[in-house]
1. Roll a 1.4 angstrom probe over the protein heavy atoms and tell me the percent of accessible area of region 254-408 that is carbon or sulfur.
2. Just to confirm, what accessible area per residue do you get for region 87-220 at 1.4 Å probe, in whole Å²?
3. Lys and Arg at +1, Asp and Glu at -1: add these up for the other residues within a Cβ distance under 11 Å of SER482 and post the number.
4. Find the centroid of the Cα atoms in region 520-547 and in region 108-172, then give the distance between the two in whole Å.
5. By how many degrees, 0 to 90 and rounded to 10, does the Cα axis of helix 2-21 deviate from the longest principal axis of the chain?
6. Rounded to a whole number, what % of the accessible area of region 57-134 do carbon and sulfur atoms account for, probe 1.4 Å?
7. What relative contact order, as a whole-number percentage, does the chain give when Cα pairs under 8 Å and 6 or more residues apart are counted?
8. Given a Förster radius of 60 Å and the C-beta distance between VAL468 and LYS326 as r, what FRET efficiency does 1/(1 + (r/R0)^6) yield to the nearest 0.05?
Amino acid sequence: MEKTVDTQQDHFVNLILKLLSNDEPLDTIFKTLIEFFEEQNPSTICSILFLDKNKKRFEKVYAPHLPDFYNQALPHLDIGESAGSCGTAAYTGKRVVVVDIQNDPLWVPYRDMAKAANLAACWSQPIKAQNGEVLGTFAIYYVEPRAPLERDIKTIEQAANLVAIILKYFENRKAAEQAKERLSLIYESSIDAMWLIAIEDEGKTYRFKSINDAFIAVTGLTRAAVLEKTIEEVLPPTSIPLVRAKYAEAVSTGHVVDYLEVAPLPSGVKVGQIRVKPIKDENGVVIKILGIAEDITERKRIDDRLKESEADLIYAQHVAQLGSWKWEAKTDTVHWSQEIYNILNLDPKSAPLPFVEQSKLYTEESWNRLKAAVEHAMATGGSYEVDLEGRLNAQGPRWYVARGAVLEKDPQGHPIRLAGTLQNITERKLLENNLKAALNARDEFIAVATHELKTPLTTLQLALYSIVKGLEGTIDKEKLASRVEKAKLQGDRLEALIKNLLDVTSIGAGKMRLELKPDVNFSSLLQNITKKYEDDIAKAGSSLLKNIEPNITGLWDEFRLEQVVTNLISNALKYGNGKPIEVHLRRSGQNAILEVRDQGIGISEDKQKKIFERFERAVSETSYSGLGLGLWIVKEIVTAFNGKVWVKSTLNKGSTFSVELPIKAQG
Ligand code: ADP
């Protein structure tokens, strides 16, 4: 007998499990359950009732063999302390056993209803959730008054438990379904591309099992081109080594792996921030990989562009030699652009100098002006522009323009933020200074030139005048010849001066042309020129020592060569204090070296470089006449010959001018 019951129960449990696994609805399961209990004891009628949300009434009734009117009445009855078997059991949470309905106080209000339904006994067991909350009742009715045996009590307890378990199972299943639904909603509506990969062939094959809509949108691939395909069939070949390595890492570590992938896809070249998560089976073996990719193509592009503009700005600031700065009052922080460090020649890794410490950058006068301008701008909320002179250091003179403005004020009018620029204007300033110096030199030159031209002109006029006078009267030929000679001399002097001036304008305009001839004999040229000077040298009480190596010939321009020599010898004469003059010419390798030495006034060291410049003189115009052009012309000619000219001189001791000329001048 016992065995039969067990077999029946086994069968019943199997049946319920089958129903559950088949996803049968609750109705079917409860009906089956009731039928099982009723079949076990044909004189019983079973019911399962569930309370409403407020726990006041029954709202769901499963009782296929109770009369309809009875079932329909049940939901309208309140539960309570004496509300029949079920109403009382639900209310008290305790089992209620009514052996004889007609004579039981709990049933007083429902006696007639029970009678009409032909019900005589009713045992009711509350169905409770895990937390003890009453969910409903499981009840057994009899048509005869009847008291339960111990076994009956066990049965209704088990039945109520079973119902609670089934309910819990349904609740769990619903929660799981909801979670799954939510997941799939996330998967489907995500703007990030997501995909699921199955790992096959012991990790050798990765196959796409599912992709979301975003995957299609981002990649431009179709579902058909992806699903059930291996990664090699779907992804660009350039991505495969990276993807394989990352998937393998996720599989072997069992952890999430992040990486960046740049892939040429049908939708264009995309940059993805990718995360792959290994999914394990119940044995802990990774069987799938879930991938999610954030499309950062646009962000990357913006990032790149931002970086590019930053680089452009740095470059632009560098080209303009203009740095920018910002000052935040709240935090008292200063920011300098890279160019400020460049301009000020400071270590770019060092912190910006606080304003007060910037005093060491500029001359005192400049710093005072800057301080006053900044203070004024701070007080008025305005702006400033100040020219500054850098404190002299190894870099030489420096000039800057500092500009600044208050960008933001608090409601009290105090500046919150200041910004500005610092520009290096040294070059411009130097040019301006040079220009000023050049203008001064020009004015000076005009004065000197006027004087220089006037002197021989006056003498010439006088000479001509006396010639005319002489011609009118009686004058012997010799005297006349000497006057004519004098006039000619002044004419020559004028011509020389004017030639020099013309040279300046034409050479200055870059027009000096060399007329090179082969075999120009420098040695004999020099001999001839020095001969011409013999008289003048003697007149000056000086002497000339010549040391000329014969036959130094080369490819030169004779006229220009003569100019070089003439200028140097006439200077030696002019500034030689009547002391002996030496002229040397020798060959040195492929060069001819000319030296003109005097023992005259000499040139101070600081002036030695300058005298080769146009209009530059180291003597006052009153003590020595001259235009300051001779040495400049010498230098221009020598340079055109690809040669060099330099001076060694000691003040009051004398000067040696040296010229080195390649024998084969490449004019
Ligand atoms: P100028 O002689 O017409 O002034 P130069 O260009 O020939 O012009 O010379 C420039 C300056 O160089 C001269 O004014 C003079 O101060 C200096 N100088 C040139 N030659 C000598 C020299 N031999 N000794 C001393 N000073 C010289």
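1. 55 percent
2. I get 54 Å² per residue for region 87-220.
3. So the environment of SER482 carries a net charge of +2.
4. 148 Å
5. 40 degrees
6. Within region 57-134, the accessible surface is 46 percent carbon and sulfur.
7. The normalised contact order for the chain reaches 5 percent.
8. For R0 = 60 Å, the calculated efficiency reads 0.10.
The values are calculated or read from the model by the stated rules, or taken from the named source; none is laboratory data. Here the structure is a predicted model, which is why all the values come from computation and not from measurement. Cβ atoms come from the backbone with ideal geometry, glycine included; neighbour counts cover every protein chain shown. Heads up: the accessible areas ignore ligands, DNA and RNA and are worked out on the full protein's heavy atoms, side chains in. Shrake-Rupley method; radii C 1.70, N 1.55, O 1.52, S 1.80 Å.
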